[in-house]
Amino acid sequence: MSWLLLIPLAQWTIRIVMAAVILRRRFEPTTATAWLVLIFFLPEVGLVVYLLLGVNYLGRRRARTHRLAVAQARSRHDPKQLARHVVRPEIDPQQRNMILQAERISGNPIIAGNDAELIPNADALTERMAGDIDEAKHHAHLLYFIFRPDDVGQRLADALIRARKRGVACRLLADAAGSRAFFRSTLHDDLLSHGVEVHDMLPASPWRRKLARIDLRNHRKVTVVDGTIAYAGSHNAVNEDYGHKHAGKWVDLSARLTGPVVSQLQQLFCEDWAFETDQPLTGEDLFPPLEHTGEIAAQVVPTGPNHQGESFRRVLIAALSAAQRHIIMTTPYLVPDEPTMLALSMAADRGAQVDLIVPKKSDHPLVAAAGRSYYQSLLEAGVNIHTYAGGMLHAKTITVDDAFALLGSANLDIRSFYLNFEVNVLLYGPQITQHLRFAQQRYLSQCEPVVLSAWRKRPVFKQYAEGAAALFSPLL
């Protein structure tokens, strides 16, 4: 048989076999369509990409390991058992569905008696974290998607080394891909030489993952000190000016948390530590007595690809469904799926004001182009879109009426919905919601509105480019 016949025969074999594989998988229709388009037009490329990226779970061995790690950690420190020793707050009817959805996904109940200090500046956050680590008596736990050997990373590493010299147990988890530069640096070696325990998360190599999706990442950003103080939000352990310079400095928001909710973030760190190291953490100092430090009710909601149903999208839709008057959302990456688009549109249909804030310039042009393809539909549905011109807006926040707020690591995109390990903190009550909304209003003051009439008149070539990018948005 001629080689000229073998090539198309192989291509059509790939198309037919992969079509059967994709249709048998329980993909959403838009995702299945994107894969079928890629396989049909570029069969060889599509086959390779599917083998590397087509499975949005950890792989059987890794998923089983993760379940065992979580089960072992929770057998020692069950969140519901810990919560029995604190006061459960009165539940507002408007918040009820949100609370129940978050608890169903995370296993973490709502807990009263917390305090939250919002910190937008990376330098101020680093100084505060280093100060708390300097005061640590038992342990300091850090978990970051990006930990870099720059000024911020150096300052945190120095604090960990000082703590280790005092006999404090110091542990650092950093994502293998996001923190690649750190693991190749002398800073990594310096931490190890001083006794700081450092481990990479989700090593990104095909043979390590056994054909599971290699770009699954741990996108969480968490610090816990002595089980009494925690930090969570969108800041990585990195300078504000890292990455692509054309988008400007990164604009983030994190919270310093005290009170019983810290135990839930500590529990999360223990689970991730056991998963990556096969070394479960033990000791009474991990979970000290839960004391009230404020008036905020809170709930930690980790999500990830370890369980297909535990999607950040469920949390998001529950939040949007609870809104009666006003929603403000900030996200660096906007690639919504159909249910999210529907939830946003329905909120606007109910008469709620929906304000969506995205960066004017992005560090990921393809993702930004895919996101812009959704603007017209959202604007026509009554959603207000604002582009932030003060830098690369990276804060991931939601406020709903005066009822509750969400702050964490998850973006409004497919990666955060299904692929990344994320963590968000739900904060209930008018005081903290208004506080977070004040930060959002500062972003709005540096925004330009997207006007529907002008948007419809943008150049045709941009419309086609954005439409083409949107075809592959389920794969981004």
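When R180, R155 are checked against the criterion of being free of Cβ contacts under 8 Å to residues at least 12 places away in the same chain, surrounded by fewer than 19 Cβ atoms within 10 Å (Cβ to Cβ) and not small (G, A, S), R180 stands alone in meeting it.
For the stretch 369-386, a residue qualifies if it is at pLDDT 95 or above and either within 21 Å of the chain's Cα centre (by Cα) or of a type in the set (D, E, K, R) (or both), and exactly one does: E380. Among the residues of the stretch 391-423, those identified as among the β-branched types (V, I, T) and under 21 Å from F438 (Cβ atoms) are T397, I398, T399, V400. D402 meets all of the listed conditions (1) at pLDDT below 95; (2) in a helix (DSSP H, G or I) but one, namely (2). Scan the stretch 262-289 for residues that are out of contact with any Gly (no Cβ under 8 Å at 6 or more places or on another chain), within 22 Å of D200 (Cβ to Cβ) and either in a helix (DSSP H, G or I) or basic (K, R) (or both) and the total you get is 12.
Checking each residue in the stretch 224-261 for being among the charged types (D, E, K, R), in contact with a Gly (Cβ under 7 Å, 6 or more places away or on another chain) and within 30 Å of A112 (Cβ to Cβ) picks out only D252. Remark: V423 matches the filter, which requires a residue to be at pLDDT 95 or above and crowded, with 20+ Cβ neighbours inside 10 Å.
The values are calculated or read from the model by the stated rules, or taken from the named source; none is laboratory data. All values reported here derive from a predicted model rather than from experimental measurement. Here the Cβ is made from the backbone with ideal geometry for all residues, glycine too, and neighbour counts use every protein chain on show.
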